[in-house]
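First the structure, which I've put down as structure tokens, then a few questions once you've had a look.
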Amino acid sequence: MRGRTVVEAAGALVWRVRGRTLEVLVVHRPRYDDWSWPKGKLEPGESLVACAVREVAEETGLHVVLGAPLPTVRYRNGDGRRKVAHYWAAQAVDDAAPSVRGREDVAAAPESEIDEVRWVSATKAVRLLTYDYDREPLGALIDMWHEERLRTWTMVVVRHARAKKRSAWRGGEATRPLTPAGRRQAEALVPMLAAFGVEDVITSPWERCAATVRPYLLRTGVGAELKPELTEDAHARSKKPVRRLVDKELATRDVPVAICTHRPVLPTVVEGIAERTPHRIMKMVPASDPWLRTAEILVVHLAKRPGRRAAVVALEKHRPAI
């Protein structure tokens, strides 16, 4: 049984550009005398994306925002257990960035674990990395850079957390609240939205949506735009305002944004995303109801090549681990 245990870990390839050179951040572990990517094991109840930014902060001292996902690495630990390491492209952000306030404080890794952090060119990293499997996400990162798909921005679609049943609520639909489990989901969404650097929030004004993003707003100080067109009633009357809103965010957004809405509105949102998404990527999204489960997020990574319209380069789904 021991050999069948799977250890899940998460980390990031932090990148920057100096002149015309793509550089990445690597760490040295004295215990193994190896060069690798900042990463580590999930803590109980922690999401993969929250783990990735926490581990980068602990091992490098940098706060980062996640970009597009990179290939997952699978290998055997020294004790025979299978390890699965999930990676994202990432860029450093200022310590005062709003999303950083949505994360827990971290302690720096001791020197016995990480004794050197080094920026190197991507080509040098290919030679410096100790393990062949670590070159797989690096190769994908380099490809994205050459294809001008590495500089991305993010739109996060949020389905509201679990709400009281319609039959159990005597008030109107606009005031139907979250259940206790839904409130826990909303709290657990905070580090997930923070991992993607969300700086703007757009939400249906109905309580179950507003309450889903409220913990993030309170922790980070980010403001929210209330958009009536995202409610179920307004969407039932006309889908066009939702289509316009989604298209605007996909085409012109310059900072990461979260859009919180209801299950019946999701088909229209997904249709807008599909128009800018290659088929091979769109296959990740269900083609029918429910599209997203309660408190689940669809993370849309977009890039824009010179002379072309913005296009989706990656999609991923995550749900609070509670």
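Quick note: the coordinates plus some simple rules give every number you see, no bench work behind them. Keep in mind that this is a model prediction, so the values were computed, not measured. All Cβ positions, even for glycine, are placed from backbone atoms using ideal geometry, and neighbour counts span all protein chains on display.
Given an 8 Å cut-off on Cα distances and at least 6 residues of separation, report the relative contact order of the chain as a percent.
Here the relative contact order equals 19 percent.
Another question, then. Quick one: order V117, V265 by neighbouring beta-carbon count within 10 Å, fewest to most.
By the 10 Å Cβ count, ascending, the order reads V117, V265.
Residue by residue through the stretch 205-212, what is 3J(HN,Hα) from phi via Karplus (6.51 cos²θ - 1.76 cosθ + 1.60, θ = phi - 60°)? Round to whole Hz and write x for glycine and proline.
After applying 6.51 cos²θ - 1.76 cosθ + 1.60, I find x, 5, 4, 5, 7, 4, 5, 5 Hz.
Go through [x] 0.94; [y] 1.02; [z] 0.99 and flag the label whose value is the computed Rg/Rh (Cα atoms, Kirkwood Rh) for this structure.
Read-out from the structure maps to [z].
M284 versus V126, label points 7 Å from Cα toward the beta carbon: distance in nm?
2.5 nm
Let a ≥ b ≥ c be the square roots of the eigenvalues of the Cα gyration tensor of the stretch 250-322; is it rounded (a/c under 1.5), or, if not, prolate (a/b larger than b/c) or oblate? Present the calculation step by step, with values, prior to reporting the outcome.
Working: a/c = 1.86, a/b = 1.58, b/c = 1.18.
Verdict is prolate for the stretch 250-322.
Here is a further query. Angle, helix 240-252 long axis vs. longest principal axis of the chain, Cα atoms, 0 to 90°, nearest 10?
Result, in degrees: 20.
Between T252 and R101, how many nm apart are label points set 7 Å from Cα along the C-beta direction?
Here the answer is 2.7 nm between the modelled labels.
Using the Karplus curve 6.51 cos²θ - 1.76 cosθ + 1.60 with θ = phi - 60°, work out ³J(HN,Hα) for each residue of the stretch 169-185 in order, rounded to whole Hz, and write x for Gly and Pro.
Per residue, the Karplus-derived 3J(HN,Hα) values read 10, 8, x, x, 4, 5, 10, 4, x, 6, 7, x, 5, x, 5, 5, 4 Hz.
Using Cα-Cα distances under 8 Å and only pairs 6 or more residues apart, what relative contact order does the stretch 153-318 have, in percent? Display every interim value, and only then the final one.
Numbers: 299 pairs, mean separation 51.4, N = 166.
The value is 31 percent.
Report the residues of the stretch 124-147 in range of a label on R18: point 7 Å along Cα→C-beta, backbone N strictly under 13 Å from it.
Backbone N within reach: 124-125.
For the stretch 164-322, rounded, prolate or oblate, judged on the Cα gyration tensor with a ≥ b ≥ c (square roots of eigenvalues), a/c < 1.5 rounded, else prolate if a/b > b/c?
Numbers: a/c = 1.66, a/b = 1.41, b/c = 1.18.
It comes out prolate by the Cα gyration axes.
Another one. Defining a contact as two alpha carbons under 8 Å apart and six or more residues distant in sequence, what relative contact order in percent does the stretch 67-120 show? Each step should come with its number before you reach the end.
Numbers: 33 pairs, mean separation 14.6, N = 54.
In percent, rounded to a whole number, it is 27.
Just to be sure I understand the model, the point goes 7 Å from the Cα along the line to the Cβ. What's the resulting T179 to K164 distance in nm?
My value for the distance between the label points is 1.3 nm.
Here is a further query. Calculate one ³J(HN,Hα) per residue across the stretch 143-156 by plugging θ = phi - 60° into the Karplus curve 6.51 cos²θ - 1.76 cosθ + 1.60, and present them in order as whole Hz with x for glycine and proline.
4, 4, 5, 5, 8, 6, 10, 8, 7, 10, 10, 10, 10, 10
Something else about it: If you add up the charges near V120, with Lys and Arg at +1 and Asp and Glu at -1, over every other residue whose beta carbon is less than 10 angstrom from its beta carbon, what do you get? Each step should come with its number before you reach the end.
Working: positive: R118, K124, R127; negative: E23.
Result for the local shell: +2.
Using modelled amide H (1.01 Å from N, peptide plane; none on Pro or chain starts), what sits under 5 Å from the amide H of V313, excluding residues fewer than 5 places away?
Correct list: H301, L302, A303.
Mind ranking 228-241, 134-147, 184-197 by how tightly packed they are, going by the mean number of other C-beta atoms within 10 angstrom, highest first?
184-197, 134-147, 228-241
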